[in-house]
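Here's the structure, in structure tokens; my notes come after.
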Amino acid sequence: MVIKDVFTLFDKSDCLMVLEKLYDYSYSDCILHYNDTIDEDYEKKILEYKKLYDRDIPIEYILGFKYFYNRKFETDENVLIPRFDTEILVDEIIKLDRKFDNILEIGIGSGIISITLNLELGSKVLGVDINEYAIDLSKKNATNLKVDNVDFIYSNLYENVDGKFDLIVSNPPYIDLEDFENLETKILKEPKSALYGGEDGLYFYRNIIADSKDYLNENGVIAFEIGYNQKESIFEILENNGYFNHKCIKDFNGFDRVIIARR
Ligand SMILES: C[S@@+](CC[C@H](N)C(=O)[O-])C[C@H]1O[C@@H](n2cnc3c(N)ncnc32)[C@H](O)[C@@H]1O
């Protein structure tokens with residue numbers, strides 16, 4: 001087997017991840033080494049990856065990493081795979097150009113949002129999750145990326161959270177029952193607790209928003225990633241809780257994706 005044969009086994013972007021994992025190759029390295037022979041050990045590994053890949057195991061779980069905001073994060077099958085859409089949430093928060101002294105993130109997964117906001121804004125961050133694997137993995141990613149001033153703890157929503165914050169951010173589970181029952185097999189390999197947001201998909205928004213006033217400083221901001229059809233319902237929940245200053249930002253496919261709100 002030569003390098004170019006690997007491109008016939010995986011989708012292009014997945015293939016590049018395989019070659020990065022094994023050889024630490026960039027895209028141009030792959031082109032440079034296109035006709036190089038792969039040694040036996042690596043060929044064996046590639047065929048093992050391919051077996052899992054054909055069983056619809058996401059490449060990020062097979063290889064154990066994913067880039068988010070140009071940084072490499074470890075990931076595994078116990079947490080949601082970081083999505084590009086979530087970079088839009090982070091981007092919109094950064095674009096606010098505000099000093100957030102302290103940030104609370106609810107539902108950390110692999111820690112991508114908390115860690116990125118800490119590194120980009122220098123804010124102190126508390127991240128919470130009900131999944132102990134997510135807490136351990138986020139701590140590992142924080143160590144790998146040499147992050148300071150980020151704490152990850154177990155908490156069911158605000159249960160173990162003390163104090164007030166300048167920003168509350170969350171990419172909560174938001175898939176409703178109907179969409180959940182029609183998910184592709186590959187997405188169903190991710191934990192249900194990271195995907196399913198109750199029958200109407202709004203359980204977490206309702207609860208996070210309802211209690212937010214106890215945890216948000218005056219002039220604080222609340223920021224969410226949302227599902228493609230949830231803007232109106234979430235605006236209504238926000239308004240019912242006194243947040244009349246809100247906006248929605250679309251993703252690159254034109255779907256509503258991020259909500260930022262203030263009182
Ligand atoms: C959609 S994932 C987002 C993960 C990560 N922030 C990201 O953007 O990749 C939602 C996360 O919320 C966590 N979660 C679910 N229910 C929760 C609860 N009641 N309290 C805190 N976190 C919860 C899940 O374990 C999961 O890690």
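Based on what the data block shows, is ASN207 open to solvent by less than 20 Å² (accessible area, probe 1.4 Å) and assigned to a helix (DSSP H, G or I)? I'd like the intermediate steps shown before the answer.
Details: open to solvent by less than 20 Å² (accessible area, probe 1.4 Å): no; assigned to a helix (DSSP H, G or I): yes.
Here the answer is no, as ASN207 does not meet what is asked.
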Q: Out of the residues in the range 247-262 that are crowded, with 17+ Cβ neighbours inside 10 Å and free of Cβ contacts under 8 Å to residues at least 40 places away in the same chain, state the one that is farthest from PRO173 (Cα to Cα).
A: CYS248
Q: Answer yes or no as to whether LYS21 is part of a helix (DSSP H, G or I), open to solvent by 90 Å² or more (accessible area, probe 1.4 Å) and touching a residue at least 12 places away in the same chain (Cβ under 8 Å).
A: yes
Q) Mind checking which residues of the range 118-139 are more than 11 Å from the ligand (Cβ to nearest atom) and part of a helix (DSSP H, G or I)? A) ASN118, LEU119, GLU120, LEU121, ASP136, LYS139
Q) What number goes with the only condition from (1) of a type in the set (Val, Ile, Thr); (2) in contact with a strand residue (DSSP E or B) (Cβ under 9 Å, 6 or more places away or on another chain); (3) assigned to a helix (DSSP H, G or I) that ILE81 does not pass? A) (3)
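Condition check: small (Gly, Ala, Ser), in contact (Cβ under 8 Å) with a residue 12 or more places away in the chain and under 22 Å from LYS213 (Cα atoms). Does SER155 satisfy that?
On the way: small (Gly, Ala, Ser): yes; in contact (Cβ under 8 Å) with a residue 12 or more places away in the chain: yes; under 22 Å from LYS213 (Cα atoms): yes.
Yes; evaluated as a whole, the condition is true for this residue.
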Q) Only one of (1) within 25 Å of PHE165 (Cα to Cα); (2) open to solvent by 40 Å² or more (accessible area, probe 1.4 Å) fails for VAL90. Which number is that? A) (2)
Q: Answer yes if at least one residue in the range 54-75 is crowded, with 21+ Cβ neighbours inside 10 Å, within 11 Å of the ligand (Cβ to nearest atom) and closer than 18 Å to SER193 by Cα, and no otherwise.
A: yes
(Q) Which pairs turn up if I take residues in the range 104-124 that are within 19 Å of TYR196 (Cβ to Cβ) and look for partners that are within 10 Å of the ligand (Cβ to nearest atom) and among the aromatic types (Phe, Trp, Tyr) with beta carbon separation below 6 Å, at least 6 apart in sequence or on another chain? (A) SER110/PHE73
Q. Here are some conditions: (1) open to solvent by 20 Å² or more (accessible area, probe 1.4 Å); (2) not in a helix (DSSP H, G or I). ILE108 meets all but one. Which one does it not meet?
A. (1)
Q. Residue check, TYR243 against (1) in a loop (DSSP other than H, G, I, E, B); (2) within 17 Å of GLY107 (Cα to Cα); (3) open to solvent by less than 10 Å² (accessible area, probe 1.4 Å), all met but one. Which one?
A. (2)
Q.
Within the range 25-44, does at least one residue satisfy the condition of being among the basic types (Lys, Arg), at pLDDT 95 or above and surrounded by 15 or more Cβ atoms within 10 Å (Cβ to Cβ)?
A. no
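The values are calculated or read from the model by the stated rules, or taken from the named source; none is laboratory data. Predicted model only: the values in this text are computed from it and were never measured. All Cβ positions, glycine included, derive from the backbone under ideal geometry; neighbour counts span all protein chains shown. The accessibility values were calculated without ligands, DNA or RNA, using every heavy atom of the protein model including side chains. Shrake-Rupley method; radii C 1.70, N 1.55, O 1.52, S 1.80 Å.
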